[in-house]
């Protein structure tokens, strides 16, 4: 009787913006992220190694007001990173957080 190899497959990743590389061994679907120096420190997804892709940082163009928004390392508010590939695109969204102040009853 021969044994079966249950080791999850090795997946190689790279970042098209900063060229950083990464490897994982997970059986489930996943996409690792990293703090990308080319995206001013934003949490940016890797793409499978060998897949031609491009990351585009999309800055917020509306008024920020009192919302808590994601800013990049340069202090600019960013709403998303779009990953463009030959077969489509993905979007990592940095949703703003609303703030509420609770006041005591008198």
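Please find, within the range 88-102, the residue that is farthest from residue 36 (Cα to Cα) out of those that are surrounded by fewer than 13 Cβ atoms within 10 Å (Cβ to Cβ) and at pLDDT below 95. By that ranking, first place goes to 102.
Conditions (1) under 10 Å from the mean Cα position of the chain (by Cα); (2) without any contact (Cβ under 8 Å) to a residue 12 or more places away in the chain, marked per residue:
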position: 24; (1), (2): no, no
position: 28; (1), (2): no, yes
position: 34; (1), (2): yes, no
position: 40; (1), (2): no, no
position: 43; (1), (2): yes, no
position: 46; (1), (2): yes, no
position: 49; (1), (2): no, no
position: 53; (1), (2): no, no
position: 56; (1), (2): no, no
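Loosely packed, with under 10 Cβ neighbours inside 10 Å and free of Cβ contacts under 8 Å to residues at least 12 places away in the same chain - does that describe any residue in the range 68-83? Looking for residues that are loosely packed, with under 10 Cβ neighbours inside 10 Å and free of Cβ contacts under 8 Å to residues at least 12 places away in the same chain, one finds at least one in the range 68-83, hence yes. For residue 19, the stated conditions do not hold, so it cannot be described as surrounded by fewer than 14 Cβ atoms within 10 Å (Cβ to Cβ), without any contact (Cβ under 8 Å) to a residue 60 or more places away in the chain and assigned to a strand (DSSP E or B). If the condition is being exposed (fewer than 13 other Cβ atoms within 10 Å of the Cβ) and part of a strand (DSSP E or B), then the range 27-63 contributes 48, 54, 59.
Checking each residue in the range 64-75 for being in contact with a strand residue (DSSP E or B) (Cβ under 6 Å, 6 or more places away or on another chain) and in a loop (DSSP other than H, G, I, E, B) picks out 64, 69, 70, 72.
Here the range 1-15 is the region considered, the condition is being surrounded by 14 or more Cβ atoms within 10 Å (Cβ to Cβ) and without any contact (Cβ under 8 Å) to a residue 40 or more places away in the chain, and the residue that is farthest from residue 56 (Cα to Cα) is 11. Tell me whether the range 86-96 contains one or more residues that are farther than 30 Å from residue 12 by Cβ and either in a strand (DSSP E or B) or touching a residue at least 24 places away in the same chain (Cβ under 8 Å) (or both). Yes, the range 86-96 contains at least one residue that is farther than 30 Å from residue 12 by Cβ and either in a strand (DSSP E or B) or touching a residue at least 24 places away in the same chain (Cβ under 8 Å) (or both).
The values are calculated or read from the model by the stated rules, or taken from the named source; none is laboratory data. Computed from a prediction, not measured in an experiment: that's the story for all the values here. FYI the Cβ positions are ideal-geometry reconstructions off the backbone, even for glycines, and counts take in every protein chain you see.
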